[in-house]
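Peer 1: My structure is below; once you've seen it, I'll send some questions.
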Amino acid sequence: MRGMLSFMILWLLTKKPMHGQEIAEEIAKRRGIKPTPGTIYPALKDLSKRGLVKGEKEGKLIVYRLTGNGMEGIEKACRYFCKAFGEIFKEYKEG
């Protein structure tokens, strides 16, 4: 599920820059379960290391934003996801 977590973080950051706790709360709204700091922050660190997000200190918080590479990455991932799973969702919806 780590790949899905990274995908969700990138997708959320397309909406607006957010700090880690805010990201966790947004994920909880969608999944029903709030990820722990031990889950969110390693994913953010990995995304940052890969150049997909950038964290900047704003007051006491680190606010994460997508980089240009991050935007390209989420667009590519969305195309892949739709291609790979679109038919499944379409059949499920019709069924």
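The values are calculated or read from the model by the stated rules, or taken from the named source; none is laboratory data. Remember, it's a predicted structure, so these values are computed and weren't measured experimentally. Quick reminder, even Gly has a Cβ in these numbers, built from the backbone with ideal geometry, and neighbours come from all protein chains shown.
Peer 1: Could you list, in sequence order, all residues of the range 75-95 that are surrounded by 10 or more Cβ atoms within 10 Å (Cβ to Cβ) and of a type in the set (Phe, Trp, Tyr)?
Peer 2: Scanning the range 75-95 gives Tyr80, Phe81, Phe85, Phe89.
Peer 1: Sticking with this one: Specify the residue that is farthest from Met18 (Cα to Cα); the eligible residues are those in the range 53-71 that are exposed (fewer than 13 other Cβ atoms within 10 Å of the Cβ) and of a type in the set (D, E, K, R).
Peer 2: Among those that are exposed (fewer than 13 other Cβ atoms within 10 Å of the Cβ) and of a type in the set (D, E, K, R), it is Lys60.
Peer 1: Let me ask something additional. Being assigned to a loop (DSSP other than H, G, I, E, B) and surrounded by 15 or more Cβ atoms within 10 Å (Cβ to Cβ) is the filter here; which residues of the range 1-33 pass it?
Peer 2: If the condition is that a residue be assigned to a loop (DSSP other than H, G, I, E, B) and surrounded by 15 or more Cβ atoms within 10 Å (Cβ to Cβ), then Pro17 is the only one that fits.
Peer 1: Could you say whether any residue in the range 25-34 is modelled with pLDDT of 95 or more, in contact with a Phe, Trp or Tyr (Cβ under 7 Å, 6 or more places away or on another chain) and of a type outside the set (Lys, Arg)?
Peer 2: No.
Peer 1: Sticking with this one: Take the residues of the range 34-51 that are of a type in the set (Gly, Ala, Ser) and loosely packed, with under 15 Cβ neighbours inside 10 Å: which is nearest to Arg65 (Cα to Cα)?
Peer 2: Filtering first and then ranking leaves Gly51.
Peer 1: Restricting to the range 27-58, and then to whatever is acidic (Asp, Glu) and over 14 Å from Met4 (Cα atoms), can you tell me which residue is nearest to the chain's Cα centre (by Cα)?
Peer 2: Going through the qualifying residues, I end up with Glu56.
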